[in-house]
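Take a look at the structure below.
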Amino acid sequence: MLWLVAFQIGLHALAWLVAARLLREERQALLNWAGFNALLALGLLLCGARDGERSWWVYNGVNVLTLLGFGLMRRGVEQFLRSGRSDLQQALQLAPWLLPLLLLPPSTEWAHWRVLAAFGGQAFVMAVTAWSLARPMHREFGRWAQLGLVLPTAVIAGLNASAALRQVAAWPVPQEIQLGTQFNQGLLYAYLAGTACFGVGFLAVVTQRLTHRLREASQRDALTGLLNRRALSEYLEAQWHRHLRRRYPLALVMVDLDHFKQVNDSNGHAAGDAVLRRTAELFRQHLRREDLVGRMGGEEFLMVLPDTPQDAALALAERLRQLAHAQALGVSMSLGLTMASVDDGTAEEAVKRADAALYRAKAQGRDRVVCIEPPPGG
């Protein structure tokens with residue numbers, strides 16, 4: 001039984017090693033999970049070699065390896081979720097459970113203390129892990145992912161706590177895991193099921209995170225982090241249909257950085273890239289959460305401002321123009337504004353009108369805001 005469970009858990013370790021090789025962004029967490037499964041499998045193999053000689057490695061060493069493995073599991077979880085304590089803090093939390101396992105002799109007379117420290121330490125680590133998982137897992141992946149990973153972790157914590165309490169109730173008779181009791185067999189099955197749930201569950205959320213990153217990468221301009229033209233067009237189309245249904249005001253502002261080519265020609269493309277990044281940060285700081293801005297190409301941007309009347313959109317555009325000077329952006333801004341109208345045949349017609357307003361602003365000397373009124377039906 002021990003050998004079979006160890007073999008299955010060892011396969012999980014190998015799978016995490018392969019995943020760590022492929023997924024560079026999550027490598028540290030995945031290596032910790034591979035280490036967790038490897039140490040757990042090694043501990044079970046050593047446990048299967050227990051005999052009457054009671055050597056330190058196959059008694060104390062098994063528990064040390066297993067507890068260190070659980071610590072790696074917790075560390076990997078917190079690294080994956082970008083939360084939790086430092087390595088030193090976690091080591092200090094493990095120390096009270098590890099010291100008895102390191103210092104006590106492997107003899108039968110001290111076995112009950114070793115069992116209590118081993119199962120109590122595992123229960124502690126799993127309980128803390130379940131607590132660490134709950135909130136960040138729900139925030140990033142939703143309730144079902146939270147339940148799917150927190151509940152098995154909490155169950156394993158409860159089973160280990162039960163094993164520790166069982167040892168207290170049977171004191172001082174040792175309740176070591178190599179004994180073929182029904183409880184111990186159930187605990188081994190729980191280890192096997194728990195590592196499987198852990199592997200499948202975290203593989204699912206790793207995949208979900210990677211999918212989200214790929215989707216974000218396909219929608220974002222690599223230099224500025226703003227939406228790219230395709231993603232902004234999709235958002236504009238959705239807001240356009242919302243405007244048609246409910247007649248909420250929808251403002252469009254086309255922005256161009258004045259004399260941007262001179263920045264590149266005089267100071268190089270690195271300086272031009274820095275200006276674009278500072279411009280994007282300016283937009284992020286002064287637009288609302290529901291407002292979106294995207295890079296249309298070069299030094300041209302489009303702002304989509306839902307539920308924004310014309311006077312509010314004009315005030316925002318003028319404030320941004322002034323901030324370009326106040327924050328030493330390196331260039332001035334020309335801005336063309338219009339309001340979407342139900343008389344526009346498509347959202348693209350409103351964009352063309354905003355672009356025409358921008359052209360007028362540049363023709364009139366740049367560094368200004370020009371508004372073109374929508375058709376009378378708007």
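The values are calculated or read from the model by the stated rules, or taken from the named source; none is laboratory data. Owing to the predicted nature of the structure, the values given are computational and were not obtained by experimental measurement. Here Cβ is always computed from backbone atoms with ideal geometry, including for glycine, and neighbour counts include all displayed protein chains. The accessibility values were calculated without ligands, DNA or RNA, using every heavy atom of the protein model including side chains. Shrake-Rupley method; radii C 1.70, N 1.55, O 1.52, S 1.80 Å.
Per-structure values
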| quantity | calculated |
| --- | --- |
| Charge-dipole axis of the chain as Lys and Arg at +1 and Asp and Glu at -1 on Cβ define it, positive-most pick from Met333, Gln167, Leu94 | Gln167 |
| Packing rank of 190-197, 358-365, where each peptide gets the mean count of other beta carbons within 10 Å, highest leading | 190-197, 358-365 |
| Mean Cα-pair separation over length for region 5-133, i.e. relative contact order, pairs under 8 Å, 6 or more apart, % | 24 percent |
| Three-way shape call for region 1-135 based on the alpha-carbon gyration tensor, with the a/c threshold at 1.5 | oblate |
| Protein accessible area in the chain, 1.4 Å probe - carbon and sulfur % | 60 percent |
| Cβ-Cβ FRET estimate between Arg209 and Val342, R0 fixed at 30 Å, reported to 0.05 | 0.15 |
| Candidates per trypsin sites (Lys or Arg not before Pro) in region 8-58, loop by DSSP, up to 16 other Cβ within 10 Å | Arg54 |
| Integer Hz, Karplus 6.51/-1.76/1.60 couplings in order for region 57-65, x for Gly and Pro | 5, 8, 10, 5, x, 4, 5, 4, 4 |
| Debye intensity ratio I(q)/I(0), log10, the chain, q values 0.08, 0.09, 0.10, 0.15 Å⁻¹ (C-alpha model) | -0.61, -0.68, -0.73, -1.16 |
| Ordering of 306-313, 127-134 by burial proxy (mean other Cβ atoms within 10 Å per residue, highest first) | 127-134, 306-313 |
| In region 1-74, the GluC sites (Glu not before Pro) that fall in loop regions by DSSP, at most 10 other Cβ within 10 Å | Glu53 |
| Accessible area of the chain divided out per residue, in Å², using a probe of 1.4 angstrom | 49 Å² |
| Between region 98-171 and region 242-256, the alpha-carbon center distance in angstrom | 56 Å |
| Computed magnitude of the charge dipole of region 43-84 (debye, nearest 20; Cβ of K, R +1, Cβ of D, E -1) | 200 debye |
| Alpha carbon convex hull of region 264-329, volume per residue in cubic angstrom | 88 Å³ |
| Whole-number percent relative contact order across the chain, with pairs defined as alpha carbons under 8 Å at least 6 apart | 11 percent |
| In Å, descending, principal axis extents of the Cα set of region 1-67 | 47, 21, 12 |
| Packing rank of 240-246, 317-323, where each peptide gets the mean count of other beta carbons within 10 Å, highest leading | 317-323, 240-246 |
| Gyration tensor (alpha-carbon) shape descriptor, region 158-259, a/c threshold 1.5 | prolate |
| ³J(HN,Hα) computed for each position of region 315-332 - Karplus, 6.51 cos²θ - 1.76 cosθ + 1.60, integer Hz, glycine/proline x | 5, 5, 4, 5, 5, 5, 4, 5, 5, 4, 7, 5, 9, 6, 4, x, 8, 9 |
